[in-house]
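A quick write-up on the structure given underneath.
Coordinate-derived values only; no laboratory data. Note that this is a predicted model, so its numbers are computed, not measured. Cβ sites come from the backbone with ideal geometry, for glycine too, and all protein chains shown count toward neighbours.
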Amino acid sequence: MSDAFLEVQEQIRQERLAQLWQRWGNALITFVLAVVLITAGFSIYNHFDRQTRLDQTNQLYALMNDASFPDNLADVAEDAMSPAMHALLKLRAAKAALDDGMDDVAIAYYRDVSVLDGEAAAPYRGLAKIMVARLAPEETAAILQPIAQDADNMWRGHALLDLAAYEASTLKNYDAALGYVQTLQTLPNISPSLVNKAQALEHVYTQLKDQ
């Protein structure tokens with residue numbers, strides 16, 4: 001009797017499974033295929049992305065180590081490398097120009113970097129603007145003020161220090177210089193080295209102001 005009961009239960013279970021499969025089988029297959037395709041797509045994309053970055057890095061080193069660098073930058077198409085890679089190349093070219101005493105050429109490279117598109121190039125844009133401000137004193141305030149006022153800019157502390165130096169050494173405005181270094185010391189997440197510089201400069205500017 002119990003065996004017959006179990007057989008009936010098994011038949012009912014199989015019938016229910018068959019009904020569920022008949023109703024939802026196609027949807028389940030579609031869902032599984034979609035998951036497989038999406039997973040495969042991500043894997044292919046990640047592999048392609050890694051390979052692209054590797055190829056661009058190799059190209060970057062090849063260009064930098066070439067005897068014709070930085071003249072060979074003219075042969076690099078804008079879409080051949082990411083904005084970040086272009087930034088690194090031009091920053092390296094700017095340094096080479098500075099080493100050769102060609103400030104105007106260096107400024108041109110820095111200006112190119114300062115207008116590059118893309119989130120990945122953002123840190124390099126900020127650095128390039130800082131360098132232009134240092135090499136072109138007549139533009140210091142106009143370039144650095146927006147950076148110094150931007151709470152999200154990673155170069156904010158450097159901009160404040162450079163503005164303080166500009167006010168003190170160029171304009172002899174020690175009150176303004178003190179304001180910049182004091183502001184820097186109140187900012188969160190500023191590196192200790194910048195804070196130490198700000199504290200030292202505050203002492204110097206206070207003495208100069210009192211003379």
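A few comments on the model shown:
- Footprinting exposure proxy for L161, L144 (fewest neighbouring C-beta atoms within 10 Å first): L161, L144
- Proximal lysines relative to K197, as straight alpha-carbon distance under 27 Å, when same-chain residues fewer than 8 apart are discounted: K95, K129, K172, K209
- Selected from Y180, L161, Y205, residue furthest toward positive end of dipole (region 137-211; charges at beta carbon): Y205
- Which of E139, E167, E202 has the fewest Cβ neighbours within 10 Å, and the rest in rising order: E139, E202, E167
- Summary of the geometry: region 165-206 and region 103-119, compared by the centres of their Cα atoms, lie 27 Å apart.
- Counting Lys and Arg as +1 and Asp and Glu as -1 over every other residue whose Cβ lies under 11 Å from the Cβ of Y174, the net charge comes to -2.
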